[in-house]
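First up is the structure itself, then whatever we jot down about it.
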Amino acid sequence: MFVLSNPRARVYKTPMSLLVKNGEIVTASERYVADIFCADETVTRIEPNIPPPPGAEVIDATGNYVFPGFIDPHVHIYLPCMGTFAKDTHETASKAALVGGTTTLIEMLGPDRTQEPMAGFELWLGKAQGHCACDFTFHMTVSRCDEAAEKQLVEIVERGISSFKIYLAYKDAFGLNDHELYRTLRLARKLGVITTAHCENADLIQELQAQLLAEGKTGPEWHHASRPPIVEAEGVHHLLTFAELLDAHVYIVHVSCEEALRAASAGKSRGVKVWTETLIQYLLLDKTCAERPNFEGAKFVMSPPLRDKSNQAVLWNGLRDGAISTLASDHAPFDFETQKRMGEKDFTKIPNGIPSLEHRVNAFYTYGVKRGWLDLHRFVDAASTQAAKLFGLFPRKGTIQPGSDADLVIYDPDYRGILSAETQMMNVDYNPFEGMAIEGRPHVVTVRGQVAARDGQFVGQVSRGRFLQREPNHFQVF
Ligand code: DUC
Ligand code: ZN
Ligand code: ZN
């Protein structure tokens, strides 16, 4: 409901309170049936049989799970890339996120080497603030590290950013050289900031790309040959050498294969403070997608690339046993017809990325929980709680307990549907999971106590999302 207080502005009235009745609450560690009462944007009571107070909005969750709002710890929304821009805006991306059960986004804030870090921070914050329907924060990309950049990074941390992002790939645009890598991790250690890292050896990729193109291998089916698993594993090992030396906390984004996971686990077992993330794409798609004829494969060009199918069981097992902490989307939507086609004559010019933000949770539930790879607790942990703990949002986000933000996903396990570009909210002309069946989806999704999505429709308020300021030194990992 909204009231018009002046002709230009819609002022939305949030219900004073929300009561969710009879749902089965599932967190990373608990499972029980109870009512949840929310007031002033937070959960205030969890008990059986709470009588509805006057004026409260009541939702009957009988037969549904109630999960904490899911957190996507790795998305790209405002993304300048290879002379074009990723297609979603904060409005379209956050609507897609909410319909799919994701209530918090951690976006890669990515100035390139020519931009000042503070100008980048202001630019990305300005793009999101007032235009995002769910809560959000950023990993601050360090694409240059000298004395001037370091001073600005200190200020950015003071303004509420407690994680950095670095690229070992994409050397001329975002990638750091080893001197800068050393400085960045040294600064992160000093400030109590965790550093997320894209690990692939940039020079090896450049050599392999040049060799393939010289041999006339120009189609998208050659993309994965230019970035083989050992190139990713080398990146992981390289990063961990620096992290070990500097005693820095690091988080490896988008681990795609057994070789890279093994390098990360080797680091962990020698005491390096390292955590890993994988993506829904790597669990459900494989390199044969990028080999589809008539340039269709371009829809599946991302980096690190989709791998041999044999890696999928390794990644599922890693998620189950905790070797992999989190599941992300690395959402990066580029239209097939107008943007992916930029690389028709040269696969290195295909904008890298796959749209996956909207369907991460439902696909993870269907193919992870329903197929027996994960139990419900580990599902919630990997898709929400671990990200909250690693990135300084717990217990405000990532769980359901008195005092937590009332971000709730009332999940209907009986829903059956098919994923398709025709019905998606993401602003892109294809769906990488086209035709895939899902079992279960959010019935109702709330953002700090306000209903934002219902049965596949966005019903919230576009400007509701809040910038989540985070404190450093909050590595709550259990
Ligand atoms: N990889 C992608 O596929 N897209 C965005 C950035 C990245 O590292
Ligand atoms: Zn990346
Ligand atoms: Zn990414």
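The values are calculated or read from the model by the stated rules, or taken from the named source; none is laboratory data. In this text, all values refer to a predicted model and were calculated from it rather than measured experimentally. Here the Cβ positions follow ideal geometry from the backbone for every residue, glycine too, while neighbour counts run over all protein chains shown. Heavy atoms of the whole protein, side chains included, go into the accessibility calculation; ligands, DNA and RNA do not. Shrake-Rupley method; radii C 1.70, N 1.55, O 1.52, S 1.80 Å.
So the values come out like this:
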| quantity | calculated |
| --- | --- |
| Inter-centroid distance (Cα atoms) of the range 402-464 relative to the range 22-97, Å | 10 |
| 3J(HN,Hα) from dihedral phi, the range 240-249, Karplus parametrisation 6.51/-1.76/1.60, rounded to Hz, x for glycine, proline | 5, 4, 5, 5, 5, 4, 9, 6, 9, 8 |
| Accessible area of the range 104-195 divided out per residue, in Å², using a probe of 1.4 angstrom | 35 |
| On Cα atoms only, tilt of 258-269 relative to the major axis of the chain in degrees | 80 |
| Accessible area of the chain belonging to carbon and sulfur atoms, whole % at 1.4 Å probe | 51 |
| Within straight-line cross-link reach of residue 273, lysines at Cα separation under 22 Å, skipping those fewer than 8 residues along the same chain | 165, 190, 389 |
| Hits among lysines - C-alpha to C-alpha of residue 345 under 17 Å, sequence gap 8 or more where chains match | 217, 299 |
| Debye log10 I(q)/I(0) for the chain, one point scatterer per Cα, at q = 0.12 Å⁻¹ | -1.02 |
| Amide hydrogen neighbours beyond the local backbone of residue 328, cut-off 5 Å, H modeled | 278, 279, 280 |
| Net dipole in debye of the chain [+1 Lys, Arg Cβ; -1 Asp, Glu Cβ; about Cα centre; nearest 20] | 560 |
| Cα lying deepest toward the dipole's positive end in the chain, options 398, 193, 284, charges on Cβ | 398 |
| Neighbour cut-off at most 12 other Cβ (10 Å), DSSP loop, GluC sites (Glu not before Pro), the range 208-299 | 215 |
| Of 309/340; 87/349; 87/370, pairs whose Cα-Cα distance is over 21 Å | 309/340; 87/370 |
